[in-house]
């Protein structure tokens, strides 16, 4: 079977962008159905609300962070050729987020959260890490080489 090919940098970019969009959509799904009890992604600015333009800006920021995370994953963690390091790093980032929220006494104090919120946020970060890690670690069928570069 012949797979479509692209450069590894473009694959990393599209992986990060897709992971960011999926992360945002899953967060909206979790928040809508009250799996996550608060709007934890929205910044706590006085003039920030949940209007569509603010949500679009939030989506842009999440996608940008996810693209940067994908390139960082590619350059530092890819050598293990498994998606498990991506999952572990994302769970570590979630723990750092919880510790930072607790130390800053933010609107979402992890000590006061219900269990379903912690489980939902953990699953969200695990899914993001698994998607990014798997897409970048197992890239060989989609990579450009000298034989298939003429097909483009």
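Read-outs throughout are calculated quantities, based only on the coordinates presented, and are distinct from any laboratory measurement. Note that the coordinates shown come from a computational prediction; the quantities given were computed from them, not determined experimentally. Cβ: placed from backbone, ideal geometry, glycine included. Neighbour counts: every protein chain shown.
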**Message:** Taking the beta-carbon count within 10 Å as an exposure proxy, list 92, 31, 122, 132 from fewest neighbours to most.
**Reply:** 92, 122, 31, 132
**Item:** Mean Cα-pair separation over length for region 8-141, i.e. relative contact order, pairs under 8 Å, 6 or more apart, %
**Value:** 38 percent
**Message:** On a full-extension model of 0.36 nm per residue, what is the gain between residue 99 and residue 39, subtracting their alpha-carbon distance, rounded to one decimal in nm?
**Reply:** 19.8 nm
**Fill in**
Residue span residue 134 to residue 53: 0.36 nm per residue of separation minus Cα-Cα distance leaves a gain in nm of 26.0 nm
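At R0 = 22 Å, how high is the FRET efficiency between residue 8 and residue 123 if r is their beta carbon distance? Nearest 0.05 is fine. Walk me through the numbers before you get to the answer.
Values: r = 29 Å, r/R0 = 1.30.
Approximately 0.15, to the nearest 0.05.
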